[in-house]
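Enquirer: Here's a structure for you.
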């Protein structure tokens, strides 16, 4: 019997509702940011004549593997997530999705992404992207996150690799230039995440996660944020000094770093939860605008 129009109309909302928990565990907004930084790495790489289709599929494949790492993170942290106000509504914490289904979904994403990189890019990019997955989903999430207050510093390297992955997807080789972009994200990660950790200190303490504000106090954490923000400002100048980019990027980096440093210093002088969250939110825009300026600078050459 043919399906009625009303029945057909109900299929799509039901399908979306069924997919919603799966989409939630991929941390789509974070993955989009990672893909953007990978795209900039790809755009700055030497042009070897690859088609736009190949480049797009390479970026999608990197995104799929990144989404797989996020899903594994949800699985590992499900019990601690249930104890934190910020994360207690996650699908696995609320038991809206089973562990077995989440792991199968993560495996499917990683497998599809790996095949995509091997087909549309190269084996080196596939290997490095899988190593980034292991670094975030296993080394950071399983071990570092719960062992040391330097968890986000050490584990941040995995999240800083996408520009390198984008470059390697295009060239199949390693080079010094993309490592500068990795250094930028690596230096950006601690002040970005520690701002959130200050605002959510009670949450992390309740969940037993040794974030720096929990183990060493808020004032020490804010001092570390200033140090890393100043380091970030210095690192951001390096792409210009080696001739990788031009004045558009340099001007943008100086303005963005000036604002970022001001906000962090203001947080150090007199912090509130609102100010800490303000630094956290600005840091997201900071990275987005900084990498957009890299792309625009290259496009104007």
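None of the figures in this text is laboratory data; all of them are computed from the coordinates on show. Just so it is clear, the model here is predicted, and its values are computed rather than measured. Here Cβ is always computed from backbone atoms with ideal geometry, including for glycine, and neighbour counts include all displayed protein chains.
Enquirer: What percent does the relative contact order of the chain come to when contacts are Cα pairs within less than 8 Å and at least six residues apart?
Expert: Relative contact order, the chain: 19 percent.
Enquirer: Label segment 106-186 by shape, choosing from rounded, prolate and oblate, from the square roots a ≥ b ≥ c of the eigenvalues of the Cα gyration tensor; if a/c is under 1.5 it is rounded, and otherwise prolate applies when a/b is larger than b/c, oblate when it is not.
Expert: oblate
Enquirer: Starting with the fewest neighbours, write out 297, 47 ranked by other beta-carbon atoms found within 10 Å of each beta-carbon.
Expert: Fewest to most other Cβ atoms nearby, the residues stand as 47, 297.
Enquirer: Per 0.36 nm of contour for each residue apart, how much would the distance between residue 269 and residue 242 grow if the chain were fully extended, relative to their Cα-Cα spacing?
Expert: 6.2 nm
Enquirer: Can you tell me which of 96, 150, 54 moves the most in a GNM of the chain? Springs connect C-alpha atoms under 10 Å apart.
Expert: 96
Enquirer: Mind jotting down the distance between the C-alpha centroids of segment 161-175 and segment 28-105, whole Å?
Expert: Spelled out, the Cα-based centre of one part sits 18 Å from the other.
Enquirer: Multiply the residue separation of residue 29 and residue 101 by 0.36 nm, subtract the distance between their alpha-carbon atoms, and state the gained length in nm to one decimal.
Expert: Contour length minus the Cα-Cα distance gives 23.7 nm.
Enquirer: Give me the extension gain from residue 176 to residue 134: residue separation times 0.36 nm, minus the current Cα-Cα distance, reported in nm with one decimal.
Expert: 12.8 nm
Enquirer: What FRET efficiency comes out for the pair residue 216/residue 262, r = Cβ-Cβ distance, R0 = 22 Å, nearest 0.05?
Expert: Computed FRET efficiency for residue 216 and residue 262: 0.40.
Enquirer: Follow-up. Once both labels are modelled 7 Å past Cα along the beta-carbon direction, what's the residue 124-residue 79 spacing in nm?
Expert: 4.2
Enquirer: May I pose another question? Which residue, 71, 197, 24, has the most motion in a Gaussian network model of the chain that connects Cα atoms within less than 10 Å?
Expert: 24
Enquirer: Select from 145, 101, 27 the residue whose mean-square fluctuation is largest in a Gaussian network model of the chain (Cα-Cα springs shorter than 10 Å).
Expert: 101
Enquirer: Please list, in order, the residues from segment 232-258 whose amide nitrogen is less than 18 Å from a point placed 7 Å along the Cα→Cβ vector of residue 299.
Expert: Backbone N within reach: 245-253.
Enquirer: By counting other Cβ atoms within 10 Å of each Cβ, how are 129, 37, 171, 272 ranked from fewest to most?
Expert: 272, 171, 37, 129
Enquirer: Okay, next question. In nanometres, what is the gap between the two model label sites at residue 234 and residue 206, each 7 Å from Cα along Cα-to-Cβ?
Expert: Result: 4.0 nm between the two label points.
Enquirer: Apply 1/(1 + (r/R0)^6) to the Cβ-Cβ distance of residue 86 and residue 148, taking R0 = 30 Å, and write down the FRET efficiency to the nearest 0.05.
Expert: 0.90
Enquirer: Kindly put 168, 30 in sequence by how many other C-beta atoms sit within 10 Å of each C-beta, fewest to most.
Expert: With the sparsest Cβ surroundings first, the list reads 30, 168.
Enquirer: Return the distance in nm (one decimal) between the two label points of a simple spin-label model at residue 115 and residue 255, each offset 7 Å from Cα along Cα→Cβ.
Expert: Result: 4.6 nm between the two label points.
Enquirer: Separate question: Based only on Cα atoms, what Rg/Rh ratio does the chain have, Rh being taken as Kirkwood's radius?
Expert: Reported Rg/Rh, Kirkwood definition of Rh: 1.00.
Enquirer: What list of whole percents do you get for P(r) of segment 175-301, with Cα-Cα distances grouped in 10 Å bins up to the one holding the largest distance?
Expert: 13, 42, 27, 14, 3, 0
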